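Below is one structure, written out as structure tokens, with a few remarks after it.
The values are calculated or read from the model by the stated rules, or taken from the named source; none is laboratory data. What you are looking at is a predicted structure, and each value in this text was computed from that prediction instead of being measured. Cβ atoms come from the backbone with ideal geometry, glycine included; neighbour counts cover every protein chain shown.
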Amino acid sequence: MKRLLTIVLALAGTLTLWAYSPEVNDIRISVRLSEDGSARITEVWDVVVASGTEWYLVRENLGDISISGLEVSDEQGNRFFNEGSWDVDRSIGEKARKCGLHKTGSGYEICWGVETYGPHIWTVSYTMTNVVKTLNDYDMVHMQFISAGLSSPPHHASLTLEAPVALGEDNSRIWGFGYTGTVNWQAGSVAAESSEPFRSNSSMILLVRFDKGIFASTSVQNRDFDSVLTKAQDGASYDDKDVDEEDAAAEIVAELLTLLVAWWLFVKPMLQIMGVVKKSNRKRIKEIFGRRRLPSFPGWSRDIPFGGNYLQTYYIASHMIGKDDGKYSIVSAIILRMVGKGNLRMQADVQGNDEIAFVPRASREWMSKAEKGFYDMLEEASGGDKVLQKKEFKRWSFSNRSKVADWVKDMKEEVREAFSDPSTASDNTSYESIILTPDGQNKAMQALQFRQFLKEFTLINERNVPEVSLWGEYLIVASLFGLAEKVASSMKRLAPDIKVGDVRLQTASLSDLVILSNSFSNSTRSAYAIHSGSSGGSGSSGGSFGGFGGSSSFGGGGGFSGGGFGGGSR
């Protein structure tokens, strides 16, 4: 009889397990940043538990980040007792309504007892110090908030991030990695949300760049944001077709070979580091620069690249990864050139917002075909008052995506024709396959040396100021490399005004002009991305490569803090 009772109880337990299927229905995360750089993080997990004795979150790659103030409650309002240090090796009953931190060799695990199997909604709150990092030029948050390799891939996830001030494109830039979805500004906060169910190797990584003055974090890193972004965007893709193919393949592998998922996640990044994954890109880099890998420090040069030919310089700036980066920074340069030639001027509306005004009867004879085409688009977008706000052009470009696409085609053709000199290019039959001669490759490397000079422009003091008459050209080239904001800020410190083209501009307003010109570049990129079918789904404003919001990238995000691999039921 005793043996029969044991069997019956065992079967009953088995039936209990069969009654539930493990699920993570939804994860909602709220991040509130404080001025000192710490974050109060609240996570709501809507799950179904079918096994294990506890739930845990992986928090590794912490550096100087510490975790404290853990609070956990369930759907019935029961508050869990914080034990401090967590003992993993206990029964489900011993862990019930308790929580704590489990220290590992790589960081911490945030743990709490599951108590019973079935549906649960847990609310988990904790504080992380030093989440905001103080960089040389900006401040940032680069955090993986949802780890890859959860016991059950979430069906949906969303995250909001708040700062001490309202956030928007005037004081921040945003990127999302590791998931298929979007990241945008929303009512002064950053909002990230998945648009598809997670896969086994999905995660949620957020990278936010802040202007100086918002935070006073003591977590200082002696590097520029550009180095962070370069690492994060290695492997990033905003082309839905490519992402879908890669994700489908990864999903098949995960389903058939679940025991090898961890191996795959570690080996693939290693292959990328070795250069195996991006073989075709390395080939194009060599055709343009004469070497398969670009040096981290190419040297230093004050000579304006390609004798001032901004079309050729743009091609180099946009192909540093071996293919067109899709940022269309040439638009920013065109806006600056038009301001310098007196065709456009920046002014403020009654609310103090920057806008573009058209100068009547200004000559357009100097413009190239592509520049005249972009001027026509700006003028059409401005309407009858001939005054253009950045949001106005954004709306127009989305409604006239085919016109934007035609302009991009004409611009690329003009760039291709700029390499018609056989001493510079051995093949310019198409924009995608321009091959430079050894002399052209030397000029391309010199362009990277000038880029290094621009990056270090902020370190120049008054005694070593380069020729001020060239600063207008410096600013235009800096816009091609995405460095105009930094260079404009340095110019403000060094001189009261500079001459851009034929117009003298106050350096105090240069940063505002650069930000405004960048907004037109971003609108062009987004409109073209949607027209090309790579926008990342309805409601998206294109891939967030430039930091202005839009679709997230499934790949990339390297160099983050927090997160890791694993988590969920155990």
(message) So, in segment 194-216, exactly how many residues are of a type in the set (Val, Ile, Thr) and not in a strand (DSSP E or B)?
(response) 1
(message) If I filter segment 205-249 down to residues being at pLDDT 90 or above and basic (Lys, Arg), which single residue comes out as farthest from residue 179 (Cα to Cα)?
(response) 212
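For (1) at pLDDT 95 or above; (2) assigned by TED's automatic domain parsing to the domain that holds residue 227; (3) over 25 Å from the mean Cα position of the chain (by Cα), each residue gets a yes or a no:
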position	(1), (2), (3)
56	yes, yes, yes
72	yes, yes, yes
79	yes, yes, yes
104	no, yes, yes
112	yes, yes, yes
117	yes, yes, yes
132	yes, yes, no
139	yes, yes, no
(request) Those residues that are under 18 Å from residue 353 (Cβ atoms) and out of contact with any strand residue (DSSP E or B) (no Cβ under 8 Å at 6 or more places or on another chain), I need them from segment 487-517; list them, please. (result) 508, 511, 514, 517
(request) Show the residue pairs that are 6+ apart or on different chains and have beta-carbon atoms under 7 Å apart, the first residue being within segment 159-172 and more than 13 Å from residue 211 (Cβ to Cβ), the second being of a type in the set (Gly, Ala, Ser). (result) 159/192; 160/30; 160/189; 160/191; 161/189; 162/189
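Is it the case that some residue within segment 504-524 is surrounded by fewer than 18 Cβ atoms within 10 Å (Cβ to Cβ), charged (D, E, K, R) and not in a helix (DSSP H, G or I)? Explain how you work it out, then say what you get.
Within segment 504-524, the first condition is being surrounded by fewer than 18 Cβ atoms within 10 Å (Cβ to Cβ), and the residues that meet it are 504, 506, 508-509, 512.
Applying the additional criterion that residues be charged (D, E, K, R) yields 504, 512.
From the residues that got through so far, the ones that are not in a helix (DSSP H, G or I) too are 504.
Scanning segment 504-524, I find at least one residue that is surrounded by fewer than 18 Cβ atoms within 10 Å (Cβ to Cβ), charged (D, E, K, R) and not in a helix (DSSP H, G or I), so the answer is yes.
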(message) Based on this model, can you work out whether residue 419 counts as in contact (Cβ under 8 Å) with a residue 60 or more places away in the chain and not in a helix (DSSP H, G or I)?
(response) yes
(request) Filter segment 126-172 down to residues that are crowded, with 21+ Cβ neighbours inside 10 Å and β-branched (Val, Ile, Thr) and give me whichever is nearest to residue 29 (Cα to Cα). (result) 146
(request) Taking residue 85 as the residue in question, decide whether it is over 35 Å from the mean Cα position of the chain (by Cα), at pLDDT below 95 and either of a type in the set (A, V, I, L, M, F, W, C) or closer than 25 Å to residue 149 by Cα (or both). (result) no
(message) Which pairs turn up if I take residues in segment 388-407 that are over 14 Å from residue 528 (Cβ atoms) and look for partners that are of a type in the set (Val, Ile, Thr) and crowded, with 17+ Cβ neighbours inside 10 Å with beta carbon separation below 7 Å, at least 6 apart in sequence or on another chain?
(response) 388/356
(request) Can you confirm whether segment 424-434 contains a residue that is assigned to a helix (DSSP H, G or I), surrounded by 13 or more Cβ atoms within 10 Å (Cβ to Cβ), of a type in the set (A, V, I, L, M, F, W, C) and in contact with a helix residue (DSSP H, G or I) (Cβ under 8 Å, 6 or more places away or on another chain)? (result) no
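Take residue 63 and decide whether it is on the phi > 0 side of the Ramachandran plot, part of a loop (DSSP other than H, G, I, E, B) and assigned by TED's automatic domain parsing to the domain that holds residue 177.
Taking the combined requirement at face value, the residue satisfies it.
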(message) I'd like to verify a number: residues in segment 97-112 that are in a strand (DSSP E or B), without any contact (Cβ under 8 Å) to a residue 40 or more places away in the chain and either in contact with a strand residue (DSSP E or B) (Cβ under 7 Å, 6 or more places away or on another chain) or more than 19 Å from residue 84 (Cβ to Cβ) (or both), how many?
(response) 4
(message) Among the listed residues 75, 115, 94, 83, identify the single one that is of a type in the set (D, E, K, R) and part of a strand (DSSP E or B).
(response) 83
